[in-house]
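Presented below is the structure to which this report refers.
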Amino acid sequence: MSNQKEKTLINFKKAQSLIEKIIKMIEKDEYCIDIMQQNLAVLGLLKSAHQMLMENHLNTCFKKAMATKNERKKQEMIQQILRVTKLFNK
């Protein structure tokens, strides 16, 4: 596993841990603002993980696809990137 993927995995594990904490906070009926702050921390970790995944994809799979002469493959890869970017920005 690459160093980049290890960092991404760490972010997902941190987010998972925080989600478990949020669930417990809700079950204990803790203060809403405290729960929202933890939720924002999870969102930040997930956005960061997404960015790392995108960078890795662009530097590996995308770069390899763009180096080929297969125009169909290139267009498919571009469409995939656009689709993921559109979903991310919703």
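Per-residue answers, yes or no, for (1) touching a Phe, Trp or Tyr at 6+ places or on another chain (Cβ under 9 Å); (2) within 21 Å of Leu9 (Cβ to Cβ):
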{"residue": "Lys47", "(1), (2)": "yes, yes"}
{"residue": "His50", "(1), (2)": "yes, yes"}
{"residue": "Met54", "(1), (2)": "yes, yes"}
{"residue": "His57", "(1), (2)": "no, yes"}
{"residue": "Thr60", "(1), (2)": "no, yes"}
{"residue": "Lys64", "(1), (2)": "no, no"}
{"residue": "Glu76", "(1), (2)": "no, no"}
{"residue": "Leu82", "(1), (2)": "no, no"}
Checklist outcome for this item: Log entry, pairs with first residue in the range 27-48 being farther than 30 Å from Lys5 by Cβ and surrounded by fewer than 14 Cβ atoms within 10 Å (Cβ to Cβ), second being modelled with pLDDT of 95 or more and not aromatic (Phe, Trp, Tyr), beta carbons closer than 7 Å, six or more apart or on different chains, reads Asp34/Met25
Next on the checklist: Being more than 15 Å from the chain's Cα centre (by Cα), over 23 Å from Asn89 (Cβ atoms) and of a type in the set (A, V, I, L, M) is the requirement here; does Ile22 meet it?
Outcome noted: yes
Checklist entry - Restricting the search to the range 5-19, which residues are surrounded by 15 or more Cβ atoms within 10 Å (Cβ to Cβ), farther than 20 Å from Phe88 by Cα and of a type in the set (S, T, N, Q)? => result none
Checklist entry - Restricting attention to the range 61-83, does a residue exist that is at pLDDT below 95 and among the hydroxyl-bearing types (Ser, Thr, Tyr)? => result yes
Next on the checklist: Could you check the range 31-90 and list, in sequence order, the residues that are charged (D, E, K, R) and assigned to a helix (DSSP H, G or I)?
Outcome noted: Asp34, Lys47, Glu55, Lys63, Lys64, Glu71, Arg72, Lys73, Lys74, Glu76, Arg83, Lys86
Checklist entry - For residues in the range 1-43 being out of contact with any helix residue (DSSP H, G or I) (no Cβ under 8 Å at 6 or more places or on another chain) and aliphatic (A, V, I, L, M), which is farthest from Leu58 (Cα to Cα)? => result Ile33
Checklist outcome for this item: By residue number, the members of the range 78-90 that are closer than 18 Å to His50 by Cβ and not polar (S, T, N, Q) are Ile81, Leu82, Arg83, Val84, Lys86, Leu87, Phe88, Lys90
Checklist entry - Which of the residues spanning the range 53-90 are of a type in the set (Phe, Trp, Tyr) and surrounded by 12 or more Cβ atoms within 10 Å (Cβ to Cβ)? => result Phe62
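The values are calculated or read from the model by the stated rules, or taken from the named source; none is laboratory data. Treat the numbers as computed from the prediction; the structure is a model and nothing was measured. Virtual Cβ from ideal backbone geometry, glycine too; neighbours counted across all protein chains shown.
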